[in-house]
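The values are calculated or read from the model by the stated rules, or taken from the named source; none is laboratory data. Quick caveat: nothing in here was measured; it's all calculated off a predicted structure. Note: ideal-geometry Cβ built from the backbone for every residue, glycine included; neighbour counts use all protein chains shown. The accessibility values were calculated without ligands, DNA or RNA, using every heavy atom of the protein model including side chains. Shrake-Rupley method; radii C 1.70, N 1.55, O 1.52, S 1.80 Å.
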Amino acid sequence: QVQLVESGGGLVQAGGSLRLSCAASGRFFSSYAMGWFRQVPGKEREFVASIGKAGPNTDYTDSVKGRFTMSRDNTKNTVYLQMNSLKPEDTAVYYCAAAWVRTTTSTTSTYDYWGQGTQVTVSS
């Protein structure tokens, strides 16, 4: 069992930055690939980024490449999402998730555990 708690969301102006954190409790954190997803009301949850269980291999959706960076610290059981050059279309609830696989994955159904989400709002 893995519990995930996101933090770091908030309100920021377009062009600004935020860093999301996801703290995991439970065993075998380093055995899980991790992902970030986001969702806006009325739309499907969409993949944002993923990192393999040992890092540093990462994968990003095209719309955030060059702006977002995902990382993990297995000594702290934490993953991060550094978001730069934020745009109003990045506004969403951001969710952290854990998948019992070795490498990156963008498939929602692959993920076994999910956090409660943190709101990110980017004003124009």
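Any idea how far apart LYS87 and GLN39 come out in nm if each label point goes 7 Å out from Cα toward Cβ?
Those two pseudo-labels are separated by 2.3 nm.
Per residue, how much accessible surface does the chain expose to a 1.4 Å probe? Answer in Å², no decimals. Display every interim value, and only then the final one.
Working: 6260 Å² over 124 residues.
In whole numbers, the chain has 51 Å² accessible per residue.
Using a simple charge model, +1 on the beta-carbon of Lys and Arg, -1 on the beta-carbon of Asp and Glu, nothing else, what dipole does segment 1-112 show about its Cα centre, in debye to the nearest 20? Don't skip to the end; give the middle numbers.
Working: 12 positive and 9 negative charges, 49 e Å.
Dipole of segment 1-112, to the nearest 20 debye: 240 debye.
If I ignore ligands, DNA and RNA and count only protein heavy atoms, how much of THR104 is accessible to a 1.4 Å probe, in Å² to the nearest 10?
Accessible area, nearest 10 Å²: 40 Å².
Quick one: with all protein chains in place, what share of the accessible area of the chain is carbon or sulfur, to the nearest percent (1.4 Å probe)? Walk me through the numbers on the way to the answer.
Numbers: 2930 of 6260 Å².
After summing per-atom areas, the C and S share lands at 47 percent.
For THR103 and THR75, FRET efficiency with R0 = 35 Å and r from the beta-carbon atoms, rounded to 0.05?
Numbers: r = 21 Å, r/R0 = 0.59.
Here the calculated transfer efficiency is 0.95.
Any lysines with Cα under 26 Å of the LYS43 Cα? List them, leaving off those in the same chain fewer than 8 positions away.
Within the straight-line limit of under 26 Å, LYS43 reaches these lysines: LYS65, LYS87.
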